[in-house]
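The values are calculated or read from the model by the stated rules, or taken from the named source; none is laboratory data. None of these values were measured; they are calculated from a predicted model. Every residue, glycine among them, receives a Cβ derived from its backbone with ideal geometry; neighbour counts consider all protein chains shown.
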Amino acid sequence: MVERLLTGSKRYYMWLGFLCLLILASFCVYWTQLTEGLGVTGMNRDVSWGLYISQFTYFVGVAASAVMLVLPAYFHHYKKFKRMIIFGEFMAIAAVVMCALFIVVDLGQPQRAMNVMLHPTPNSVMFYDMIVLIGYLCLNLVIGWVTLEAERLDMDPPKWIKFFIYLSVIWAFSIHTVTAFLYAGIPGRHYWLTAIMAARFLSSAFCSGPAILLLLMFVLKRLTGFNPGEEAVKTLTKIITYAMCINVFFYCLELFTAFYSNIPGHMEPLIFLFAGHGGHVAWVTYWMWAAVILAFASLAMLIPPSLRDNMKLLPYALGMLVLASWIDKGLGLLVGGFTPNMFEAVTPYVPTFREIMVALGVYAIGALVLSLLWKIALDVKKGSGHFGEGE
Amino acid sequence: MNNSRRTFLKVAGVSAFALTTGVAGAAQAKIIGTYEQGDKALKAKRWAMVIDTRKFTSADDYKPLIDACHKAHNVPAIPGNQEIKWMWLDHYDRVFTDDMNANLPDKFKKGMFPLLCNHCTNPPCVRVCPTGATYKMHDGIIAMDYHRCIGCRFCMAGCPYGARSFNFVDPRKFIADPVPNPEYPTRMIGVVEKCTFCAERLAKGLRPACVEAANGAVMFGDLDDPNSDVRKALAENFSIRRKPSLGTQPGVYYLI
Amino acid sequence: MYNKTYVLAGIIIFVALFTTPFWTGIMSGSYQRPAVQLPANEKECVEPVEYMRAEHMQLLNDWRDQALRNEARVYVSSTGKKWEISLQNTCLKCHNNTTEFCDKCHISNSVYPYCWTCHIEPKGKK
């Protein structure tokens with residue numbers, strides 16, 4: 001099936017060329033980080049994790065979200081999702097690749113990364129995170145490839161793959177739970193030390209991941225004419241809406257515990273994120289309020305059925321939802337976790353230009369992997385007659 | 001063709017595996033000597049430190065301790081918030097964050113207090129390290145192997161005391177040449193470092209550099225030995241530790 | 001088999017390229033052991049010279065783990081002599097010219113350990 005990558009339209013090649021240029025440019029920036037050290041980033045002694053780790057966290061969620069298609073299709077035999085599943089699985093692969101890269105670019109000594117395997121330490125959550133991410137990558141590669149191959153040959157997928165599909169459903173929950181445990185088991189970081197962290201991670205992943213998938217599917221429809229099916233889109237939107245409601249609800253639970261208990265440690269990160277510190281408002285405050293507005297606006301457009309089913313409005317609602325969840329998890333989570341710092345003081349963190357460039361490069365690699373995998377999937381669907389809106 | 005290709009791949013895979021494991025086996029170290037602890041080495045079941053802050057009247061009084069530490073370990077002086085600190089000073093409310101009393105005597109409102117790695121009994125940094133680069137030794141010291149550190153900084157997120165520093169830049173550029181202590185290495189870019197309770201000095205029968213520089217105001221000894229200096233000091237004086245409620249059991253006590 | 005000639009030609013070119021290290025090795029004559037400069041005033045290393053030549057990297061690896069993790073900072077050699085475990089304060093005290101000792105073999109064997117990013121390189125070299 002790989003040979004299908006070699007034949008494509010001019011637009012396809014231009015897109016790939018653009019991505020490669022972007023990757024090359026950001027690799028040059030990464031090279032300066034490798035030689036000069038992580039000093040080129042905005043991270044510091046008190047805010048020792050930044051944009052890279054937050055993006056890692058966000059994309060673990062995106063990877064896990066494929067389960068929102070797989071679970072209804074295989075556990076509940078919801079056939080309408082079957083057209084779209086392969087795109088979800090391939091998006092998970094691209095997301096896991098991005099996760100791995102975000103970890104690598106964050107390491108001070110990336111050439112020693114294999115020490116995690118050479119000296120396995122089962123007391124570290126990072127060790128389990130590595131195992132579940134590699135496992136999830138393999139599962140999706142095998143499942144995606146085998147089911148697509150079956151579709152190409154116009155056969156039913158082999159029976160043994162069912163086992164791996166069921167396994168991948170449980171596995172998807174595990175990858176984001178373990179990622180939440182990276183944060184939720186650390187004593188002394190008030191914003192992270194909360195049992196609901198894993199649940200919040202999952203709910204935010206299950207709304208934002210499918211939303212990203214749908215937005216990309218809309219782009220795909222524009223470009224190639226592949227229609228995932230209106231019924232499938234509507235069902236997935238309902239799932240997204242429920243997940244987003246739960247996500248917002250969970251965040252509000254944090255607010256209640258922090259402010260009703262009146263324990264300073266619990267309140268301070270939230271006050272810093274939404275109101276700043278000592279009369280100074282940090283850049284993140286604007287983002288956090290934007291996230292609040294976007295989250296509620298997206299819910300206002302998603303909860304009423306009349307608005308939710310409006311296919312013209314839907315992309316905007318989903319876009320706002322994705323942005324809101326990205327600010328919460330991709331910015332607020334890390335900044336809030338490190339502010340106030342271990343001395344109950346505020347150390348500012350702003351990502352630098354080079355840090356953002358490196359992150360963009362990883363995004364571009366993710367987009368490249370996704371484009372190539374989706375190209376294969378689309379061509380197979382064309383070849384097997386599953387491209388048009390049949391059924 | 002298809003069948004033979006498959007068999008070929010299988011055979012190739014198995015032999016590649018056998019070959020690599022064989023090579024790895026052959027690379028095992030052949031060590032012909034044995035190891036022991038030095039005769040002069042100071043030994044303890046659980047090293048601990050007691051800082052008598054009553055004997056320090058100003059921040060300047062702590063300077064010799066910090067200088068002795070940073071000189072002994074070639075700690076670079078990096079400006080800005082990407083700095084390296086093994087021992088440093090901060091205000092009372094930053095050091096003892098649990099004590100939120102606004103009406104303390106001036107000594108506590110304005111005075112400075114020393115900070116260093118607490119060498120916890122239950123160290124979160126060791127718990128989170130994914131490579132075993134940081135570990136607890138049999139004598140309670142939390143040590144680091146800079147050769148193994150991958151620079152993931154999970155330990156910095158994990159340490160509730162902010163005791164760890166990361167080499168964001170090449171530290172050699174910020175250390176005098178020749179280095180203050182040619183007997184001790186420096187660190188390299190991209191690894192985390194911290195106070196080691198001077199494990200390398202203990203091995204030679206010397207007390208930690210800061211303890212030596214403190215002229216008796218800082219005690220160091222075995223917490224498991226009821227006759228040690230530290231146990232006597234703790235038995236006779238009121239002492240506090242940083243963030244005791246987290247259950248880490250810090251090994252650094254402050255007499256106040 | 002399809003495209004037999006192209007496939008065979010491809011395989012031959014691949015094998016030829018893949019084995020270039022061996023060819024160049026054979027062509028360039030026999031390997032000359034570099035003339036390392038041994039410490040002038042010292043007769044004895046921690047272990048016999050053959051062992052050190054073959055195993056010094058494993059020994060250093062083990063030294064590091066024993067000293068840093070087990071607080072065992074004294075090495076009792078196979079002859080029973082005791083040595084302080086320290087690259088900087090034991091090895092380099094005698095082998096104080098890294099250019100004439102370490103680098104000689106490392107360079108001709110294309111290995112580039114990065115000891116001196118942390119350990120202080122002795123100033124013995126000119």
(request) Pull up region B:179-195, narrow it to residues that are among the charged types (D, E, K, R), assigned to a loop (DSSP other than H, G, I, E, B) and within 14 Å of chain A (Cβ to nearest Cβ), then point me to the one that is farthest from B:Ile142 (Cα to Cα). (result) B:Arg187
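Between A:Asp309, A:Asp379, A:Asp328, which is crowded, with 22+ Cβ neighbours inside 10 Å, away from every other protein chain (no Cβ under 14 Å) and of a type outside the set (S, T, N, Q)? Before you say what the answer is, go through the steps one by one.
Details: A:Asp309 fails: crowded, with 22+ Cβ neighbours inside 10 Å; A:Asp379 fails: crowded, with 22+ Cβ neighbours inside 10 Å.
Unique residue meeting the criteria: A:Asp328.
Would you confirm whether any residue within region C:27-40 is outside any loop (DSSP other than H, G, I, E, B), loosely packed, with under 14 Cβ neighbours inside 10 Å, more than 14 Å from chain B (Cβ to nearest Cβ) and at pLDDT below 95? Outline the logic, then answer.
Let us first name the residues in region C:27-40 that are outside any loop (DSSP other than H, G, I, E, B), namely C:27.
Next cut, loosely packed, with under 14 Cβ neighbours inside 10 Å only: C:27.
From the residues that got through so far, the ones that are more than 14 Å from chain B (Cβ to nearest Cβ) too are C:27.
Narrowing the set further to residues that are at pLDDT below 95 leaves C:27.
Yes: region C:27-40 contains one or more residues that are outside any loop (DSSP other than H, G, I, E, B), loosely packed, with under 14 Cβ neighbours inside 10 Å, more than 14 Å from chain B (Cβ to nearest Cβ) and at pLDDT below 95.
Of these, C:Glu100, C:Glu47, C:Glu55, which one is outside any helix (DSSP H, G or I), within 11 Å of another protein chain (Cβ to nearest Cβ), under 18 Å from the mean Cα position of the chain (by Cα) and not basic (Lys, Arg)?
Details: C:Glu100 fails: within 11 Å of another protein chain (Cβ to nearest Cβ); C:Glu55 fails: outside any helix (DSSP H, G or I).
The match here is C:Glu47.
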(message) So A:Lys82 ticks every box in (1) at pLDDT below 95; (2) closer than 23 Å to A:Tyr349 by Cα but one. Which box is left unticked?
(response) (2)
(request) With the checklist (1) within 13 Å of another protein chain (Cβ to nearest Cβ); (2) over 22 Å from A:Thr177 (Cβ atoms); (3) hydroxyl-bearing (Ser, Thr, Tyr) in hand, flag the one item A:Ser124 doesn't pass. (result) (2)
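Among the residues of region A:283-293, is any in contact (Cβ under 8 Å) with a residue 40 or more places away in the chain, farther than 21 Å from A:Ser325 by Cβ and not charged (D, E, K, R)?
Taking region A:283-293 as the starting set, the residues that turn out to be in contact (Cβ under 8 Å) with a residue 40 or more places away in the chain are A:283-284, A:287-288, A:291.
Add one more test, that the residue is farther than 21 Å from A:Ser325 by Cβ, and what stays is none.
The answer is no; no qualifying residue exists.
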(message) So in region B:93-114, with the set limited to residues that are more than 9 Å from chain A (Cβ to nearest Cβ) and of a type in the set (S, T, N, Q), which one is surrounded by the most Cβ atoms within 10 Å (Cβ to Cβ)?
(response) B:Asn101
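Residues are listed down the side, and each one gets a yes or a no for (1) over 30 Å from A:Thr241 (Cα atoms); (2) touching a Phe, Trp or Tyr at 6+ places or on another chain (Cβ under 9 Å):
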residue	(1), (2)
A:Thr35	yes, no
A:Gly50	no, yes
A:Gln55	no, yes
A:Lys82	no, no
A:Phe90	no, yes
(message) Conditions first: (1) modelled with pLDDT of 90 or more; (2) of a type in the set (Lys, Arg); (3) over 30 Å from B:Thr134 (Cβ atoms). C:Arg64 passes all but one, so which condition is the exception?
(response) (3)
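Could you say whether any residue in region A:204-212 is of a type outside the set (D, E, K, R), crowded, with 19+ Cβ neighbours inside 10 Å and either more than 15 Å from the chain's Cα centre (by Cα) or within 14 Å of chain B (Cβ to nearest Cβ) (or both)? If you could, list the steps in order and put the result at the bottom.
Of the residues in region A:204-212, the ones of a type outside the set (D, E, K, R) are A:204-212.
Adding the requirement that they be crowded, with 19+ Cβ neighbours inside 10 Å leaves A:204-212.
Keeping just the survivors that are either more than 15 Å from the chain's Cα centre (by Cα) or within 14 Å of chain B (Cβ to nearest Cβ) (or both) gives none.
Checked region A:204-212: no residue is of a type outside the set (D, E, K, R), crowded, with 19+ Cβ neighbours inside 10 Å and either more than 15 Å from the chain's Cα centre (by Cα) or within 14 Å of chain B (Cβ to nearest Cβ) (or both).
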(message) Can you tell me which residue is farthest from A:Ala92 (Cα to Cα) among those in region A:122-141 that are among the polar types (S, T, N, Q) and surrounded by 19 or more Cβ atoms within 10 Å (Cβ to Cβ)?
(response) A:Ser124
(request) Sort out which residues of region C:71-89 are under 18 Å from B:Ala41 (Cα atoms) and either in a strand (DSSP E or B) or facing chain B (nearest Cβ under 7 Å) (or both), and write them in order of number. (result) C:Glu71, C:Ala72, C:Arg73, C:Val74, C:Tyr75, C:Val76, C:Lys82, C:Trp83, C:Glu84, C:Asn89
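Table: residues versus (1) part of a loop (DSSP other than H, G, I, E, B); (2) among the charged types (D, E, K, R); (3) more than 22 Å from the chain's Cα centre (by Cα).
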residue	(1), (2), (3)
B:Phe197	yes, no, no
B:Leu206	yes, no, no
B:Asp225	yes, yes, yes
B:Lys232	no, yes, yes
B:Ala235	no, no, yes
B:Gln249	yes, no, no
(request) Report the residue count in region A:53-87 for those that are over 12 Å from the mean Cα position of the chain (by Cα), under 12 Å from A:Phe206 (Cα atoms) and of a type outside the set (A, V, I, L, M, F, W, C). (result) 0
(message) Every residue in region B:145-172 that is more than 21 Å from B:Asn81 (Cβ to Cβ) and in contact with a Leu (Cβ under 8 Å, 6 or more places away or on another chain), please.
(response) B:Asp145, B:Ile150
(message) Anything in region B:117-154 that is more than 8 Å from chain A (Cβ to nearest Cβ), outside any strand (DSSP E or B) and among the hydroxyl-bearing types (Ser, Thr, Tyr)? List them, or say none.
(response) B:Thr121, B:Tyr146
(request) Considering (1) of a type outside the set (Val, Ile, Thr); (2) in contact with an Asp or Glu (Cβ under 9 Å, 6 or more places away or on another chain); (3) surrounded by fewer than 24 Cβ atoms within 10 Å (Cβ to Cβ), say which one B:Cys152 fails and leave the rest. (result) (3)
(message) Just to be sure before I move on: is A:Ile165 more than 17 Å from A:Tyr251 (Cα to Cα) and assigned to a helix (DSSP H, G or I) in the structure I sent?
(response) yes
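Out of B:Arg172, B:Arg201, report the one residue that is within 9 Å of another protein chain (Cβ to nearest Cβ), surrounded by fewer than 22 Cβ atoms within 10 Å (Cβ to Cβ) and assigned to a helix (DSSP H, G or I). Show your work before the answer.
On the way: B:Arg201 fails: within 9 Å of another protein chain (Cβ to nearest Cβ).
Criteria check complete, one pass: B:Arg172.
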(request) Within region A:183-207, track down each residue that is over 14 Å from A:Asn247 (Cβ atoms) and in a loop (DSSP other than H, G, I, E, B). (result) A:Gly185, A:Ile186, A:Pro187, A:Gly188, A:Arg189, A:His190, A:Tyr191, A:Trp192, A:Leu193, A:Thr194, A:Ala195
